[in-house]
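The values are calculated or read from the model by the stated rules, or taken from the named source; none is laboratory data. From a predicted model like this one, the values you see are computed outputs, not experimental measurements. As a convention, Cβ positions derive from the backbone with ideal geometry for all residues, glycine included, and neighbour counts pool all protein chains shown. Keep in mind that these areas ignore ligands, DNA and RNA; they rest on the heavy atoms of the full protein, side chains included. Shrake-Rupley method; radii C 1.70, N 1.55, O 1.52, S 1.80 Å.
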Amino acid sequence: MTLIAIGACYLDTILTAPHYPGEDEKLRASRISRRRGGNCPNTLEILGQLLEHGPSSAESSLNLITVLPSKTSVASQQIKSSLGDSVRLDSCIYREIFSEPASSYIISSQATGSRTIVNYNELPEMTQSEFATAVEPLRAATSRPWFHFEGRAPDVTLECIYYIRKHFPGAEISVEVEKPGRPGLQELADAADVVIYSKGWAQNNGYMCAEDCLRDQSLKTSRASLLCCTWGHDGAAGLEPKTGNFAHVPAHTEELGVIDTIGAGDTFNAGLLYGLVYRGQDWDFQKRLEFANLIAGLKVTQEGFANLQ
Ligand code: FRU
């Protein structure tokens, strides 16, 4: 199966601090680390691991579509090597006059486990026609690809979804609805087959819990076959609007303690996509949700994304 993930790629600089600082405070961090980030790259990195140990690595291909600085820049080289051989970057869009990648500066609070992210990106966003050019070579590769979108730049993303519906009629489309307050994400949800909502987005829209969000969203998503919502310490929930199946699974972090929550949602997405795309026949709805939740729980109890399989 061919999976194509479309979203931004960042270089993350992470300061681990005893608590989140107040404005104008001086605070000494206990640790600094740098790693490649971005929701879709993180998700693909984890999927690469899962597939290496899973059932169908031979026929599977993982592809990233993202905007990167010049192909020969240090940043683009670092990003490429961070993703290893399992993720293809052939369809990426390189902005040759730029050398700096999108960057995130993240304060990870040991007191609460929160991660506060400030990011900066001077690379011009992908356009719909760049997307069309990027996916063209993939058309011959497979008749039933899976496209996973980070819900950002919603206007362009919606045009890209329409493009896929027209030119890849057998494709499945999932969308991550994560960013609170970003207009246009509801329209993306309505156009997708699978939608994954974050707690932040759900709360910002007035939902009190994951189930609330999913039940109401099932009335606003006309074609989705699966809706999921993650809720931090309260685990995650899933709803199949067409069958009425609903499940809630508790979080798995309590025993081991929270170490690093950066990319927990990206890990949940990897687990869910793994179940949907690569274990479709053998795993049911409950098993897919449990696996995604389990792997996200495991991730927050360790630094980074290594050895999650
Ligand atoms: C984590 C993450 C980071 C990145 C930021 C972008 O989910 O993908 O790796 O810097 O979010 O919003």
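Details
- Net length gained if the chain between residue 141 and residue 259 were fully extended (0.36 nm per residue, minus Cα distance): 38.5 nm
- Computed label-point distance, nm, for sites residue 100 and residue 122 using a 7 Å Cα→Cβ extension: 0.4
- Each Lys and Arg adds +1 at its Cβ and each Asp and Glu adds -1 at its Cβ; summed about the Cα centre, the chain shows a dipole of about 280 debye.
- Under the convention that each Lys and Arg Cβ holds +1 and each Asp and Glu Cβ holds -1, the size of the dipole of the range 85-228 around its Cα centre is about 320 debye.
- In sequence order, the range 92-101 has phi-based couplings of 6, 10, 9, 9, 5, 8, 10, 10, 9, x Hz under the Karplus curve 6.51 cos²θ - 1.76 cosθ + 1.60, θ = phi - 60°, and Gly or Pro positions carry x.
- Total formal charge among the other residues, if their Cβ is under 15 angstrom from that of residue 96, Lys/Arg +1 and Asp/Glu -1: -1
- Couplings 3J(HN,Hα) for the range 123-129, derived from phi with the Karplus relation 6.51 cos²θ - 1.76 cosθ + 1.60 (θ = phi - 60°), are 6, x, 4, 5, 9, 5, 6 Hz, where x marks Gly and Pro.
- Largest to smallest in accessible area, the residues 248, 167, 53, 148 fall in the order 53, 248, 167, 148 (1.4 Å probe, all protein chains included).
- Each part reduced to its alpha carbon centroid, the range 89-132 and the range 6-21 end up 11 Å apart.
- Between residue 12 and 35, 36, 37, 104, the built amide H atoms are under 5 Å apart, and every one of these is 5 or more places off in sequence or on another chain.
- Cβ-based charge dipole, the chain, positive-most Cα from 83, 281, 232: 83
- Database remark: amide H of residue 110 closer than 5 angstrom to the amide H of 17, 19 (H placed geometrically; neighbours at sequence offset of 5 or more, or on other chains; Pro and chain starts carry no H).
- Accessible-area ranking of 260, 282, 24, 212, largest first, probe 1.4 Å: 24, 282, 212, 260
- Each of 261, 134, 66 was placed along the dipole of the chain (beta-carbon charges, centred on the mean Cα), and the one lying farthest toward the positive end is 134.
- Extension gain (nm, one decimal) between residue 72 and residue 208, 0.36 nm per residue minus Cα-Cα: 44.2 nm
- Pairwise centroid distance, computed over Cα atoms, of the range 177-200 with the range 138-165, Å: 15
- Relative contact order for the range 178-309, counting Cα pairs under 8 Å that sit 6 or more residues apart, in percent: 19
- Spin-label model distance (nm) - residue 301 vs residue 287, 7 Å beyond Cα toward Cβ: 2.3
- Geometric extent, Cα atoms of the range 201-309 - Rg, Dmax (angstrom): 13.8, 40
- Solvent-accessible surface (1.4 angstrom probe) belonging to residue 278, in square angstrom, nearest 10: 20
- Amide hydrogen neighbours beyond the local backbone of residue 88, cut-off 5 Å, H modeled: 62, 63, 64
- The mean of 1/r over all distinct Cα pairs in the chain, once inverted, gives the Kirkwood hydrodynamic radius of 19.7 Å.
- At most 14 other Cβ within 10 Å, DSSP loop - trypsin sites (Lys or Arg not before Pro), the range 43-92: 71
- Rounded to the nearest Hz, the phi-derived 3J(HN,Hα) couplings of the range 19-27 under the Karplus curve 6.51 cos²θ - 1.76 cosθ + 1.60 (θ = phi - 60°) are 8, 6, x, x, 4, 6, 7, 10, 9, where x marks glycine and proline.
- Here the relative contact order of the range 66-206, from alpha carbon pairs under 8 Å that lie six or more residues apart, stands at 17 percent.
- Surrounding net charge for residue 277, when Lys and Arg each add one and Asp and Glu each subtract one, Cβ distance under 11 Å: +2
- Neighbours of residue 308 by Cβ distance under 13 Å: Lys/Arg scored +1, Asp/Glu scored -1, total -4.
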